[in-house]
């Protein structure tokens with residue numbers, strides 16, 4: 001039996017129920033989800049599916065991430081609501097590839113873990129499965145494991161095994177509508193120009209679950225604990241001197257009350273220039289290098305190969321005068337002058 005897999009939260013429960021129900025079947029997994037966007041989110045979900053399949057002893061195959069092909073398939077249906085025509089086309093797109101993979105592997109039965117997702121229409125999926133299976137002369141099964149408290153059991157199992165629990169279906173169009181309804185910014189689509197892993201980003205979650213897999217392989221006991229913190233993103237910022245934009249590196253948690261600030265250096269002390277407004281400070285690159293144990297020759301080099309967030313926060317803690325969390329703008333320049 002070849003099982004199309006969408007994510008670990010759905011598959012971990014669904015695959016175990018299949019193993020209990022179809023004792024004579026060898027269950028094989030197939031991760032084919034070109035609808036998932038951005039690609040980093042695809043990588044994260046695949047990583048956790050691999051982890052789940054390892055736990056369950058299930059062989060997993062990965063399909064091609066054909067995002068352009070998926071976009072072409074749903075063209076004209078971008079504004080369809082969830083469980084509408086776009087979803088039907090999306091199911092067909094993924095299930096047809098599953099059927100082709102099934103023939104390649106010599107499997108006779110296909111199904112999908114999408115059947116257990118509470119956000120999806122069961123009847124819509126059941127019909128799509130049957131039509132695709134008939135087209136390729138395969139058998140399809142559509143067990144409803146949501147019944148009799150199945151959904152609650154599914155989420156309890158995901159929490160127990162500390163699976164990655166995404167909060168949107170996967171495609172950009174569903175994500176956009178969901179974030180508009182929540183009045184939330186689309187931070188999943190925000191990636192820094194500089195190659196730096198930001199807190200609460202998809203890239204940080206990938207690093208986290210790689211560490212989880214490492215601990216599990218070593219049989220090291222651990223727990224994942226949620227934390228609430230002040231998140232932060234600079235959308236754009238620059239420093240001008242006499243209308244000339246000069247190279248500047250703005251450290252993490254630098255915030256301004258105003259979008260634009262005109263000021264001057266009030267005094268300089270120990271490589272730090274204190275500005276007359278907004279508690280902002282200019283940091284000489286040499287001062288940053290000494291404290292942060294870095295060796296940048298220019299701010300441009302720093303912009304192209306930035307320090308870690310931990311390094312930036314370490315510098316901020318070393319120079320803040322208050323015991324409270326500092327949000328003062330700290331801006332590194334090649335040199336500072338009056």
Self-check item: First in the range 177-203 and within 22 Å of residue 305 (Cα to Cα) and outside the structural domain of residue 250 (by TED's automatic domain parsing), second anywhere and modelled with pLDDT under 90 and part of a helix (DSSP H, G or I), Cβ under 9 Å, 6 or more apart
Solution: 200/187; 201/187; 201/188; 202/188
Quiz item: Out of 166, 196, which single residue is within 25 Å of residue 85 (Cβ to Cβ) and either out of contact with any helix residue (DSSP H, G or I) (no Cβ under 6 Å at 6 or more places or on another chain) or surrounded by 13 or more Cβ atoms within 10 Å (Cβ to Cβ) (or both)?
Solution: 166
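For every residue, the table says whether it meets (1) outside any helix (DSSP H, G or I); (2) at pLDDT 95 or above; (3) touching a helix residue (DSSP H, G or I) at 6+ places or on another chain (Cβ under 9 Å).
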position	(1), (2), (3)
206	no, yes, yes
211	no, yes, no
215	no, yes, no
220	yes, yes, yes
225	yes, no, no
233	yes, no, yes
237	yes, no, no
240	yes, no, no
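The values are calculated or read from the model by the stated rules, or taken from the named source; none is laboratory data. On a predicted model such as this, the values are computed, not experimentally measured, just so you know. Because the Cβ atoms are built from the backbone with ideal geometry, glycine has one as well, and the counts that use them run over all protein chains shown.
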